[in-house]
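**Q** Sending over a structure as structure tokens; questions will come in a sec.
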Amino acid sequence: MQRQNVTYFVEEFECELKDTSGRCLNVGSGTGEITRKVLLPVLNRDAVMIGTDVSESMVEYANRIHGVDGVLEFETLDIQTRDLPEKYVAEFDHVFSFPVLHFCNDVRQGLENIYKMLRPGGTFLMLWVSSHDMFKILENMAENKRFASYLYKYTAPFPHSEKPHMKLKELLRSIGFRIRHCSNREMSFVDKKPKAFLPTIISAFSFLREMPPDRAENFKNEFVREYTNRKYTRDNEELAVDLYKILVVYAQKQVL
């Protein structure tokens, strides 16, 4: 599902991306596959990319499987940190973030860090899930006393907002970004094997790292069960349908 989304929007912004060179950063790069196979190939051949993720195991895997000497490497970074390492400040010409920032407990801090990382005139392309069944599932699971203490800090960005794109634009402008594009798109995804893409969603749940291993495993199992309950039958075949909305943002850091 994530690869489908990124591919779709990368193609939409092809004209802007083909001239993208210099130092680039992908926030929330996960396994590194999308960074190397979908994003990097559409950029200018002179682009150099760093992918960051909060998970050390993900970063280790990404470097081992998808790292390219002198072109693509991966580093551990929590984009919500209040102590951004100096090596990232004003170091990047372009920053990308594909559906991940909506999982931050402190969205504003994450976006402020991205603004700090950009050089003057640098661009920021982001996909942000504004509406998804998983948000309702997480709200329900937060009422369970086994998980409540870990989920209390997490709330979906702009919950129940009828115009989330306006809220997001307001937030970005307050940080200093100039908005070049912002829209809210309806999307859908149908899969015969929903369990195949659920690990991608679950891997972004930062609160799982705070749970004891057995409780985290229980949470994953219950989330999968709730998620896969939403099935329907077509031609005697069970399918899972994912209906959601994505905010698409293309913004720029002000030139000094």
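The values are calculated or read from the model by the stated rules, or taken from the named source; none is laboratory data. The model shown is predicted, which means the values in this text are computed figures rather than measured ones. All Cβ positions, glycine included, derive from the backbone under ideal geometry; neighbour counts span all protein chains shown.
**Q** I need every pair where a residue in the stretch 46-73 that is surrounded by fewer than 18 Cβ atoms within 10 Å (Cβ to Cβ) and among the β-branched types (Val, Ile, Thr) has its Cβ under 6 Å from the Cβ of a residue that is assigned to a helix (DSSP H, G or I) and modelled with pLDDT under 95, sequence separation at least 6 or different chains.
**A** Between residues of the stretch 46-73 that are surrounded by fewer than 18 Cβ atoms within 10 Å (Cβ to Cβ) and among the β-branched types (Val, Ile, Thr) and residues that are assigned to a helix (DSSP H, G or I) and modelled with pLDDT under 95, there is no close pair.
**Q** What are the pairs with Cβ atoms under 7 angstrom where one residue, in the stretch 159-181, is free of Cβ contacts under 8 Å to residues at least 12 places away in the same chain and the other, located anywhere, is of a type in the set (S, T, N, Q) and in a helix (DSSP H, G or I)? Sequence gap at least six, or different chains.
**A** Pairs found: none.
**Q** Against the definition (over 16 Å from the mean Cα position of the chain (by Cα) and at pLDDT below 90), how does residue 83 come out, yes or no?
**A** So residue 83 fails the test.
**Q** With respect to residue 209, is the statement that it is farther than 21 Å from residue 115 by Cβ and at pLDDT 90 or above true?
**A** no
**Q** Based on this model, can you work out whether residue 255 counts as of a type outside the set (Asp, Glu), in a loop (DSSP other than H, G, I, E, B), within 30 Å of residue 119 (Cβ to Cβ) and modelled with pLDDT of 80 or more?
**A** yes
**Q** Same structure, new question: Name, by its number, the condition in (1) buried (at least 16 other Cβ atoms within 10 Å of the Cβ); (2) within 29 Å of residue 212 (Cα to Cα); (3) not basic (Lys, Arg) that does not hold for residue 94.
**A** Only one criterion in (1) buried (at least 16 other Cβ atoms within 10 Å of the Cβ); (2) within 29 Å of residue 212 (Cα to Cα); (3) not basic (Lys, Arg) is unmet by residue 94, namely (2).
**Q** How many residues, within the stretch 1-23, are under 22 Å from residue 132 (Cβ atoms), in a loop (DSSP other than H, G, I, E, B) and among the polar types (S, T, N, Q)?
**A** Of the residues in the stretch 1-23, 0 are under 22 Å from residue 132 (Cβ atoms), in a loop (DSSP other than H, G, I, E, B) and among the polar types (S, T, N, Q).
**Q** On to the next question. Could you tell me whether any residue of the stretch 180-198 is exposed (fewer than 12 other Cβ atoms within 10 Å of the Cβ) and at pLDDT 90 or above?
**A** Yes, the stretch 180-198 contains at least one residue that is exposed (fewer than 12 other Cβ atoms within 10 Å of the Cβ) and at pLDDT 90 or above.
**Q** Kindly list, by first and then second residue, each pair from a residue in the stretch 20-43 that is over 14 Å from residue 114 (Cα atoms) to a residue that is surrounded by fewer than 20 Cβ atoms within 10 Å (Cβ to Cβ) and of a type in the set (Asp, Glu), limited to pairs with Cβ atoms under 9 Å and residues at least 6 apart or on different chains.
**A** 20/93; 21/46; 21/93; 22/46; 22/93; 42/11; 42/14; 43/19
**Q** Kindly establish whether residue 26 is in a loop (DSSP other than H, G, I, E, B), within 17 Å of residue 93 (Cα to Cα) and of a type in the set (S, T, N, Q).
**A** no
**Q** Among 110, 121, 70, which is the only one that is farther than 22 Å from residue 4 by Cβ, part of a strand (DSSP E or B) and either of a type in the set (A, V, I, L, M, F, W, C) or modelled with pLDDT of 90 or more (or both)?
**A** Result: 121 is the single residue among 110, 121, 70 that is farther than 22 Å from residue 4 by Cβ, part of a strand (DSSP E or B) and either of a type in the set (A, V, I, L, M, F, W, C) or modelled with pLDDT of 90 or more (or both).
**Q** Give me the pairs: first residue in the stretch 118-145 and without any contact (Cβ under 8 Å) to a residue 24 or more places away in the chain and surrounded by 22 or more Cβ atoms within 10 Å (Cβ to Cβ), second residue hydroxyl-bearing (Ser, Thr, Tyr) and part of a strand (DSSP E or B), beta-carbon distance under 6 Å, and six or more apart or on different chains, which are they?
**A** none
**Q** Another question about this same structure. Could you please give the count of residues in the stretch 77-123 that are at positive phi and of a type in the set (A, V, I, L, M)?
**A** Going through the stretch 77-123 one residue at a time, the tally reaches 1.
**Q** Step by step: first the residues of the stretch 29-45, then only those that are of a type in the set (S, T, N, Q) and within 14 Å of residue 95 (Cβ to Cβ), then the one that is surrounded by the most Cβ atoms within 10 Å (Cβ to Cβ). Which residue is that?
**A** Residue satisfying both the conditions and the ranking: 29.
**Q** Residue check: is residue 38 within 24 Å of residue 132 (Cα to Cα) and either under 16 Å from the mean Cα position of the chain (by Cα) or charged (D, E, K, R) (or both)?
**A** Considered against the rule, which asks whether it is within 24 Å of residue 132 (Cα to Cα) and either under 16 Å from the mean Cα position of the chain (by Cα) or charged (D, E, K, R) (or both), residue 38 comes out as yes.
**Q** Got a number for residues in the stretch 93-116 being touching a residue at least 40 places away in the same chain (Cβ under 8 Å) and of a type in the set (D, E, K, R)?
**A** 3
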